[in-house]
Amino acid sequence: MSKKIENSLLFIWIVSLVAMLGSLFFSEIQQYEPCKLCWYQRILMYPIVIITTVAYIQKNARIAVTLAVFSIIGGCISIYHYGIQKFEFLSSSAVTCGRVPCTGQYINWFGFITIPFLALTAFVLIAGASFYMLKAYKEENN
């Protein structure tokens with residue numbers, strides 16, 4: 001495995017670990033109860049930490065496809081979640097999320113950074129690194 005791929009896996013692991021620890025900080029330390037869409041984002045983010053750990057140990061670059069799929073689906077959920085928080089025309093038709101409304105904003109740093117925005121940022125970084133890995137793997141095996 002090339003150094004590019006190894007560094008990409010390490011980058012993905014760090015981003016996903018920070019995202020996971022950040023979500024646990026918000027729910028367990030700050031006591032912010034996650035809504036259903038937050039749970040879906042967690043369901044897609046948490047396995048990335050484990051998958052990347054195993055892939056790094058095994059030196060498996062082919063896992064990039066799986067990581068890309070997880071991050072694209074998670075990113076789509078994050079975009080929708082962010083949209084229903086920030087745009088009135090989306091929030092009026094938002095899905096019912098149970099006890100905690102998905103339109104609620106526990107944080108709103110600088111007027112635009114919310115928890116779904118943070119998750120989206122992590123998913124975009126992971127997707128970008130996954131595509132970079134795929135390109136590097138393809139170049140390495142041609």
**Message:** Please list, in order along the stretch 41-52, the HN-Hα scalar couplings obtained from phi with the Karplus expression 6.51 cos²θ - 1.76 cosθ + 1.60 (θ = phi - 60°), rounded to whole Hz, x for Gly and Pro.
**Reply:** 5, 5, 4, 8, 7, 4, x, 4, 4, 5, 4, 5
**Request:** Summarise the accessible area of the chain (1.4 Å probe, protein heavy atoms) by the percent that is carbon and sulfur.
**Result:** 69 percent
**Message:** Per residue, how much accessible surface does the chain expose to a 1.4 Å probe? Answer in Å², no decimals.
**Reply:** 57 Å²
**Residues with amide H under 5 Å from that of residue 113, placed H, sequence gap 5 or more** = none
**Folded to 0 to 90 degrees: helix 3-24 orientation relative to the chain principal axis, Cα** = 20 degrees
**Relative contact order %, the chain, counting alpha carbon pairs below 8 Å whose residues are six or more apart** = 36 percent
**Asked** If you build a Gaussian network model of the chain, linking Cα atoms that sit under 10 Å apart, which residue out of 109, 13, 39 swings the most?
**Response** 109
**Request:** Find the lysine pairs in the chain meeting two conditions, Cα atoms under 23 Å apart and a separation of 8 or more places or different chains, and report how many there are.
**Result:** 9
**Prompt:** Which value, in Å² rounded to 10, gives the accessible area of residue 48 with a 1.4 Å probe and all protein chains present?
**Reply:** 0 Å²
**Complete:** Judged on accessible area alone, 1.4 Å probe, highest first, 24, 67 line up as 24, 67
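The values are calculated or read from the model by the stated rules, or taken from the named source; none is laboratory data. Since we're looking at a predicted model, the values are computed, not measured. Accessible surface areas use protein heavy atoms only, side chains included; no ligands, DNA or RNA. Shrake-Rupley method; radii C 1.70, N 1.55, O 1.52, S 1.80 Å.
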